[in-house]
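Following this message is one structure expressed as structure tokens.
The values are calculated or read from the model by the stated rules, or taken from the named source; none is laboratory data. In this text the structure is predicted, and so the values were computed from the model without any measurement. Using ideal geometry, Cβ is built from the backbone for each residue, glycine included, and neighbour counts are taken over all protein chains shown. Note: accessible area is taken over every heavy atom of the protein model, side chains too, but ligands, DNA and RNA are not part of it. Shrake-Rupley method; radii C 1.70, N 1.55, O 1.52, S 1.80 Å.
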Amino acid sequence: MYPQGTVERLPVVRDDGSTAIPGLYVAGDLAGVPLLKFSQESGTQVVRTIAQDPKLKASATPEGAVDVAILGAGVAGVSAAMECRKHNLSYVILEAEEPFATIADFPKKKPIYLYPTEMKPTGDLNVSAGVKEDLLKELCLQLERSDLQIQSGFRATHVERSGDLLVVRSDSDASIKARRVIVAIGRTGDFRHLNVPGEDLEKVFHQLYDPAAFAGQKVLVLGGGDSAAEAAIAIAEAGGEVTLSYRSRELTRPKPENVERAHALFSDTPLPGRIFPLFQTTVKHIHNDRVDLLHSESRETITIANDSTLVQIGREAPLDFFRHSGIPIQGEWRPMRIATFAAFLLFCVWLYNWKAGGFFGELWQARGWFPFNINTLLPDSFSDPSTLLGTLRISLGSPAFYYTFVYSVVVTVFGIQRIRRRRTPYVKWQTIALIAIQVLPLFLLPEIILPWLGHNGMFDHGILGGIADALFPVDGSAQGRQYWRTSGFILAWPLFLYNFFTDQPMVWWLVIGCIQTFVLIPGMIYFWGKGAYCGWICSCGALAETLGDTHRQKMPHGPFWSKLNMVGQVILWLAVALMLVRIAGWIWPHSVAGAIFDYAFSGKHYVNITDAQGYYLRTEIHHNVVNYKWIVDVTLSGVIGVGFYFWYSGRVWCRHFCPLAALMHIFAKFSRFRIIPEKKKCISCNVCTSVCHQGIDVMNFANRGIAMEDPECVRCSACVQMCPTGVLQFGQVDKDGNVIKLDKLAASPVLMRESSPPEQS
């Protein structure tokens, strides 16, 4: 079982800081990475975006309002205010407590990690000190010199619209009107709670101010991040007897410096000035003089003597402010979200039923609705099938043409947008490959090129005719042959089954399919991982990486969703079973195997009709929708796979249900492909995990400095590209886990900047 991390819920914020509320922006921790420099940079950049807004320039600021109201006097808020002044924008900073309150609440002498070290944020605010007290002094001095307008004691509750203005409301009924609002309040909301008996005792703390206050005490520190590690170290060095309880097997999340310092203080027994680690434990009950801990594997209760308990498991983001302001929260379902999801899902039900020739498709054809009446709408110049226009006319009469055409257009348009948005060589060439494969072999070849050649006699005789007979049998369709089978060149078994589940064996397709599935794909996976196919070739991946690119962060994470991945294994073995039954039907044509296959795959069963005396009259074919085609190919791959796109990311089918992906998971166990982390750069920001639309807990591997080997990975490069400190790279390892090669195709903007030569002044 691979690690299953969860993702913190945050407000939905676009790359430029804007939200669903026009004119309301988010800067700082809540907009992205919880790092000082990134918060500073985001505050500056949001104001620059606002200053370039033509609507803001087109009219004057109403009396009694300001151009920009900034909520929060932290690093992001102060940087934003300084930038406002440079652009001649009127502003006010609204602060509930005191400037830089979050930093002021840090423990004494807390080290400040100014990652990434080479990053130089734009704007006028400077940060350079590496210890809490020095940093606070440095920031307050700059604030004093800047003489910024700060309204203290203003605790904002929500933002609402009043005409062209936004109104910031407070808990004291005070309000501020502004043309634009920047929310820079940070992630430091209410402390997370354990929800165990005794948590409300006076000896339980959620914040460390002075480690010396715990000297000589038996202190339990709960948590496994940097705050917990730093608190345990500081209290031990101050003379406290520290027990560190953490639910995982080891410390992986803290920065390497903190892990090293903590390990140096570890002791096998509780001792003053030392840290006694109790891993894989959680709190069961807090008493006045002791604490009961539960070991997650042995289920044994461990009781330790205790004077004070320090809970360092983080804080909840202040989401109520955003909810009251009407800003969506990632992963939360509101009535409008539910309604639009249901409406789109119903549309997909109609679309895939129509495309697959179900009830809606038959009704459409019987009524002669578009596209079945296309012949009556086109001019005579489209009548000759040997011309491109004539071939196109025939293709225009099929629902599959329109679906594939729209599919190709969507992949192309959103692919171009993705290239412009991501701007790395990896994304550029990956997207070009996906567009080219979708447009050429999956659309133009079966719908136009091959039919046009066929209508011009190219496949009537000779070698080409023999190849066409083997791959595209003659049928009674308007195009004359089954050119749709060309999908089998790209979509391998058991993803595409129709070239294998035939009444009579199509030998060449069986050979091609075996080479694809059991030679070419395993070879690609050995060197480049499952994503060499899923992320660079497959049409399902093409839509996910283009249309789904801006929705990848919506994939649910956690144990339940990972267990759902096993459905793909079930479908895989169902496909294998059907293949064996199909082969049996070929070998023994008159056996029950053929009837079983027809019923299980396509829902066909045969009924002999007799007269009153029992004499045979005819055989009728009956259909039902409880079969592989309609459940797997239409419902799971189509309706759910596409219908869930804008709510659960574009990889729902790929991750949970695809039988080829399930087969490739087996091949991936022998792969050399890995995502290689540089642990010392990891800041545990969880961005890599949050953007993985396969639900992989990438941060868990990066925290430990272990090459990521989860077979769910599709090489989309999102985790590599979005990592703010350049921790991750694609590469290969040997059987002992040693790195033997790193990819040359750059996927990380941070590493691209680090490797580029400095600009000449």
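What number of residues within region 141-180 are touching an Asp or Glu at 6+ places or on another chain (Cβ under 8 Å), assigned to a strand (DSSP E or B) and exposed (fewer than 14 other Cβ atoms within 10 Å of the Cβ)?
Within region 141-180, residues that are touching an Asp or Glu at 6+ places or on another chain (Cβ under 8 Å), assigned to a strand (DSSP E or B) and exposed (fewer than 14 other Cβ atoms within 10 Å of the Cβ) number 1.
Taking the conditions exactly as written (touching a Cys at 6+ places or on another chain (Cβ under 6 Å) and either over 20 Å from ILE185 (Cβ atoms) or in a helix (DSSP H, G or I) (or both)), does VAL68 satisfy them or not?
no
Pull up region 90-114, narrow it to residues that are over 21 Å from ARG169 (Cα atoms), open to solvent by less than 40 Å² (accessible area, probe 1.4 Å) and part of a loop (DSSP other than H, G, I, E, B), then point me to the one that is modelled with the highest pLDDT.
By that ranking, first place goes to PHE100.
Could you please give the count of residues in region 455-489 that are open to solvent by 30 Å² or more (accessible area, probe 1.4 Å) and under 22 Å from ILE537 (Cβ atoms)?
2
For residues that are among the hydrophobic types (A, V, I, L, M, F, W, C) and open to solvent by 30 Å² or more (accessible area, probe 1.4 Å), scanning just region 2-19, find the one that is nearest to GLY326 (Cα to Cα).
VAL12
In region 719-761, which residue that is outside any helix (DSSP H, G or I), open to solvent by less than 40 Å² (accessible area, probe 1.4 Å) and β-branched (Val, Ile, Thr) is modelled with the lowest pLDDT?
Restricting to residues being outside any helix (DSSP H, G or I), open to solvent by less than 40 Å² (accessible area, probe 1.4 Å) and β-branched (Val, Ile, Thr), the top hit is THR725.
Applying the selection to region 32-60, what residues are farther than 28 Å from THR188 by Cα, of a type in the set (S, T, N, Q) and at pLDDT 90 or above?
Selection gives GLN52 alone.
While we're looking at this one, here's another question. Residue check, LYS203 against (1) touching an Asp or Glu at 6+ places or on another chain (Cβ under 9 Å); (2) open to solvent by 30 Å² or more (accessible area, probe 1.4 Å); (3) of a type in the set (Lys, Arg), all met but one. Which one?
(2)
Do we find that LEU135 is under 30 Å from VAL727 (Cβ atoms) and outside any loop (DSSP other than H, G, I, E, B) in this structure?
Yes: the conditions hold for LEU135.
Is it the case that some residue within region 128-140 is under 15 Å from ALA73 (Cα atoms), under 32 Å from the mean Cα position of the chain (by Cα) and either open to solvent by less than 30 Å² (accessible area, probe 1.4 Å) or aromatic (Phe, Trp, Tyr) (or both)?
no
Also, quick follow-up: Within region 504-526, identify whether any single residue is over 24 Å from the mean Cα position of the chain (by Cα), over 23 Å from TYR483 (Cα atoms) and of a type in the set (Val, Ile, Thr), and answer yes or no.
Looking for residues that are over 24 Å from the mean Cα position of the chain (by Cα), over 23 Å from TYR483 (Cα atoms) and of a type in the set (Val, Ile, Thr), one finds at least one in region 504-526, hence yes.
I'd like the full set of residues that are modelled with pLDDT under 95 and among the acidic types (Asp, Glu), limited to region 519-564.
ASP549 - this is the single residue of region 519-564 that is modelled with pLDDT under 95 and among the acidic types (Asp, Glu).
Kindly check whether there is at least one residue in region 536-554 that is within 24 Å of PRO3 (Cβ to Cβ), among the hydrophobic types (A, V, I, L, M, F, W, C) and open to solvent by 10 Å² or more (accessible area, probe 1.4 Å).
No: zero hits.
For residues that are over 28 Å from the mean Cα position of the chain (by Cα) and of a type in the set (Val, Ile, Thr), scanning just region 181-198, find the one that is surrounded by the fewest Cβ atoms within 10 Å (Cβ to Cβ).
This residue is VAL196.
For region 33-41, check the following and say yes or no: at least one residue is polar (S, T, N, Q) and closer than 19 Å to ALA81 by Cβ.
yes
Scan region 238-253 residue by residue and report those that are of a type outside the set (A, V, I, L, M, F, W, C) and either in contact with a Leu (Cβ under 8 Å, 6 or more places away or on another chain) or open to solvent by less than 10 Å² (accessible area, probe 1.4 Å) (or both).
Correct list: GLY240, GLU241, THR243, SER245, TYR246.
What number of residues within region 234-252 satisfy the criterion of being touching a strand residue (DSSP E or B) at 6+ places or on another chain (Cβ under 9 Å), touching a residue at least 60 places away in the same chain (Cβ under 8 Å) and either farther than 22 Å from PHE106 by Cβ or not aliphatic (A, V, I, L, M) (or both)?
Residues in region 234-252 being touching a strand residue (DSSP E or B) at 6+ places or on another chain (Cβ under 9 Å), touching a residue at least 60 places away in the same chain (Cβ under 8 Å) and either farther than 22 Å from PHE106 by Cβ or not aliphatic (A, V, I, L, M) (or both): 2 in total.
Per-residue answers, yes or no, for (1) assigned to a helix (DSSP H, G or I); (2) among the small types (Gly, Ala, Ser):
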{"position": "ALA339", "(1), (2)": "yes, yes"}
{"position": "LEU346", "(1), (2)": "yes, no"}
{"position": "TRP350", "(1), (2)": "yes, no"}
{"position": "TRP354", "(1), (2)": "yes, no"}
{"position": "GLY357", "(1), (2)": "no, yes"}
{"position": "PHE360", "(1), (2)": "yes, no"}
{"position": "PHE372", "(1), (2)": "no, no"}
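If you scan region 321-330, which residues turn out to be surrounded by fewer than 17 Cβ atoms within 10 Å (Cβ to Cβ), out of contact with any His (no Cβ under 8 Å at 6 or more places or on another chain) and either of a type outside the set (S, T, N, Q) or at pLDDT 95 or above (or both)?
ARG323, GLY326, ILE329
Check every one of the strands (runs of 3 or more DSSP E) wholly within region 226-335 and list those with 2 or more residues that are of a type outside the set (Ser, Thr, Tyr) and under 23 Å from LYS679 (Cα atoms).
Correct list: 275-279.
Next up: VAL47 fails exactly one of the following numbered conditions: (1) buried (at least 22 other Cβ atoms within 10 Å of the Cβ); (2) out of contact with any His (no Cβ under 9 Å at 6 or more places or on another chain); (3) not in a loop (DSSP other than H, G, I, E, B). What is the number of that condition?
(2)
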